[in-house]
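Engineer: Below is one structure. I have some questions about it.
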Amino acid sequence: MFDFLDKPLYAEYGGILGAFWVTIELTFFSAIGSLIWGTILAAMRVSPVPVMRAFGAAYVNVVRNIPLTVIIVASSMVLADQLLWTLGGSDSREISFRVAVLGFVAYTSCFVCETLRSGINTVPIGQAEAARALGLTFFQVLRIVVLPQAFRSVIAPLASVLIALTKNTTVTASIAGIEAAGLMAAMIERESDKVMLVFAMFAVGFVILTLPMGMFLGWVAKKVSVKR
Amino acid sequence: MTEQTSSATPMIKATAVNKYFGDLHVLKDITFEVPRGQVVVVLGPSGSGKSTLCRSINRLEPIDSGTIEVDGQPLPAEGRALAQLRADVGMVFQSFNLFAHKTILDNVMLAPVKVRKQDKATARKTAMELLERVGIANQAHKYPAQLSGGQQQRAAIARALAMKPKVMMFDEPTSALDPEMVQEVLDVMTGLAREGMTMFVVTHEMGFARKAADRVMFMADGEIVEDTTPDDFFTNPRSARAKDFLGKILTH
Ligand SMILES: Nc1ncnc2c1ncn2[C@@H]1O[C@H](COP(=O)(O)OP(=O)(O)OP(=O)(O)O)[C@@H](O)[C@H]1O
Ligand SMILES: [Mg+2]
């Protein structure tokens, strides 16, 4: 039933495991980048400097309202094709990968920022005041007192963001066939008699990826929750 | 010469301080000095501006006009210099405000390590001594939520003292406590007062005011209405508002 998987055509994806591995890589690098940029955006949005707050708010409200496909396709066409930025990649596959990660970071960081901001709101304002009264600077207060507690309170919602990101990486297929969704498209085209099987395979593949994420992070969230 | 001026410099000096919340004039032309080593108790009805005054002294609440000096140094604008000044002004809040994700010991060690750049071993030793002194050394490794209110407030006092502050501000430190825990906190404060700490205490604890204070400032509607010794204030209040306030407090 699964013999078609051995066709040499699909070998350039590294087979189904290879394609899902690229999905995992895309998710991993995008998640790290989104966490960093999203945290910086959240810091901007709560900073005492009006320009920073305005930038953070404008960025989030613009970027999160643009469809992801538009962001990814536009990044690819503008950055890679027009400006010829390679982002350090050596072949078109590597360049597509990097452009996609950049697009996912730009987009997902908005959701990380907003999730984190709701976490910041759960930290009693008095603790930040006490920290300031002890002589800590704004960044120390944020880094040592506010963000650690904010993160702990939003691990479960951040898991949802991560799961959404994992599934969103399929948008990469619109610029290059390098990951799971690209392989799925290729198979659908050629295995017209096995379409249901192909769909089922990829659906199960994604569930296998994301289900443990949700369960693991749910467990972490309970483990590190701050008692008040 | 600097020695002389510094011992004569008041620890806190407020001159013509005004503060508004929107249209509400919360501090009206407040002027006073607190000499070093003095224990001042601030009394007054709810909404009279006591907390606002207390918080403006380390600029947690910025003022609209006037000047505030701490140990001869005018309050700097927001930034590193202000953080440095705040490090010298201990502050204890009504709601304790311990860092919920850190143990009691880490709460006390945090600022000495991060602000004063003490090494951890020294900071830990000092922190344990302070926790010993406020009577909760055996709670050092617990988290704030595991302690009673009285214990939390004593930890908060230890945390402020760890910075070796020049002056300690208290904003109703016992108001959020169950009655049976009030005394343990007041005892720690009385001890501090005896050791010569300069203290600025907003409280409704008349016992503490009588016993430990050198001076009572009575506030009403954003003004300092009376400023005298505890004895004089309690036996011989001059203003109608102070008489009214004492009447209400003492009949309770
Ligand atoms: N952040 C704020 N924004 C607007 N108004 C405020 C704010 N903080 C305090 N006020 C108002 O300023 C006035 C003085 O408040 P403050 O907290 O200093 O009084 P208080 O003497 O400490 O009272 P209490 O005994 O109830 O603590 C009150 O009318 C209060 O409602
Ligand atoms: Mg108050």
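Engineer: Residues with amide H under 5 Å of B:ARG215's amide H, sequence separation 5 or more or different chain, H placed in the peptide plane at 1.01 Å from N; which?
Structural biologist: B:VAL39, B:VAL41
Engineer: Next question. Roughly how many nanometres apart are two label points built 7 Å out from the Cα toward the Cβ at B:LYS142 and B:ALA8?
Structural biologist: It is 5.1 nm.
Engineer: May I ask which of B:LYS120/B:LYS142; B:LYS125/B:LYS164; B:LYS114/B:LYS164; A:LYS222/B:LYS102; B:LYS117/B:LYS166 have a Cα-Cα span longer than 21 Å here?
Structural biologist: Where the Cα-Cα span goes over 21 Å, no listed pair is concerned, since all stay within it.
Engineer: Would you tell me the mean number of C-beta atoms belonging to other protein chains that fall within 10 Å of each C-beta in A:121-131, as a whole number?
Structural biologist: 5
Engineer: Same structure again: Test of understanding: in a Gaussian network model of chain B with alpha carbons linked when under 10 Å, which of B:ALA123, B:ALA81, B:ALA209 would top the mean-square fluctuation ranking?
Structural biologist: Residue with maximal mean-square fluctuation among B:ALA123, B:ALA81, B:ALA209: B:ALA81.
Engineer: Read phi for every residue in the stretch B:135-151 and hand back ³J(HN,Hα) as whole Hz from Karplus 6.51 cos²θ - 1.76 cosθ + 1.60, θ = phi - 60°, with x for Gly and Pro.
Structural biologist: Calculated HN-Hα couplings, in order: x, 10, 4, 6, 9, 3, 9, 8, 8, x, 5, 8, 9, 6, x, x, 5 Hz.
Engineer: Let me ask something else. Could you sort B:88-96, B:161-169 so that the peptide with the highest average Cβ count within 10 Å comes first and the rest follow in order?
Structural biologist: In decreasing order of mean packing, B:88-96, B:161-169 become B:88-96, B:161-169.
Engineer: In addition: If you average the alpha carbon positions of the stretch B:124-152 and of the stretch A:54-105, how far apart do those two centres end up, in angstrom?
Structural biologist: Here the answer is 52 Å between Cα centres.
Engineer: List, in order, the whole-Hz ³J(HN,Hα) value for each residue of the stretch B:34-51 obtained from phi through the Karplus relation with A = 6.51, B = -1.76, C = 1.60 and θ = phi - 60°; use x for Gly and Pro.
Structural biologist: Result, ordered by residue: 10, x, 4, x, 7, 10, 9, 10, 9, 10, x, x, 4, x, 7, x, 4, 5 Hz.
Engineer: While we're looking at this one, here's another question. Which residue, B:ALA16, B:ALA121, B:ALA156, has the most motion in a Gaussian network model of chain B that connects Cα atoms within less than 10 Å?
Structural biologist: Top of the fluctuation ranking is B:ALA121.
Engineer: Still on this model: May I ask you to derive the FRET efficiency for A:ILE40 and A:VAL224 from their Cβ-Cβ distance with R0 = 30 Å, giving the value to the nearest 0.05?
Structural biologist: 0.85
Engineer: How about B:LYS28: which lysines have a C-alpha closer than 18 Å to its C-alpha, ignoring those fewer than 8 places off in the same chain?
Structural biologist: Of all the lysines, those that pass the test against B:LYS28 - Cα under 18 Å, at least 8 places apart if same chain - are B:LYS13, B:LYS19, B:LYS50.
Engineer: Same structure again: Give the residues of the stretch A:89-107 whose amide nitrogen is closer than 20 Å to a point set 7 Å from the Cα of A:VAL78 in the direction of its Cβ.
Structural biologist: Output list for this probe position: A:89, A:95-107.
Engineer: Students often check this: by mean Cβ neighbours within 10 Å, which of A:127-136, B:226-235, B:213-222 ranks highest, and how do the rest follow?
Structural biologist: Per-residue Cβ counts within 10 Å, averaged per peptide and sorted highest first, yield A:127-136, B:213-222, B:226-235.
Engineer: If you take every residue apart from B:VAL26 with its C-beta less than 13 Å away from the C-beta of B:VAL26, what net charge results, scoring Lys and Arg +1 and Asp and Glu -1?
Structural biologist: Residues near B:VAL26 contribute -2 overall.
Engineer: So who's got an amide H within less than 5 Å of the one on B:GLY66, skipping anything under 5 residues away but keeping other chains? H placed 1.01 Å off N, in plane.
Structural biologist: Amide H neighbours of B:GLY66, under 5 Å, 5+ apart: B:ASN18.
Engineer: Go ahead and run the numbers for FRET between B:GLN73 and B:ASN18, Cβ-Cβ distance against an R0 of 25 Å, rounding to 0.05. The partial results should precede the final answer.
Structural biologist: Working: r = 21 Å, r/R0 = 0.83.
The value I calculate is 0.75.
Engineer: Mind ordering A:106-114, A:151-159, B:58-66 by average Cβ neighbours within 10 Å, highest first?
Structural biologist: A:106-114, A:151-159, B:58-66
Readers should treat all values here as calculations from the given coordinates under stated rules, not as data from a laboratory. Worth saying up front: this structure is predicted, and the values here are computed from it rather than measured. Glycine also receives a Cβ, built like all others from the backbone with ideal geometry; neighbour counts cover every protein chain displayed.
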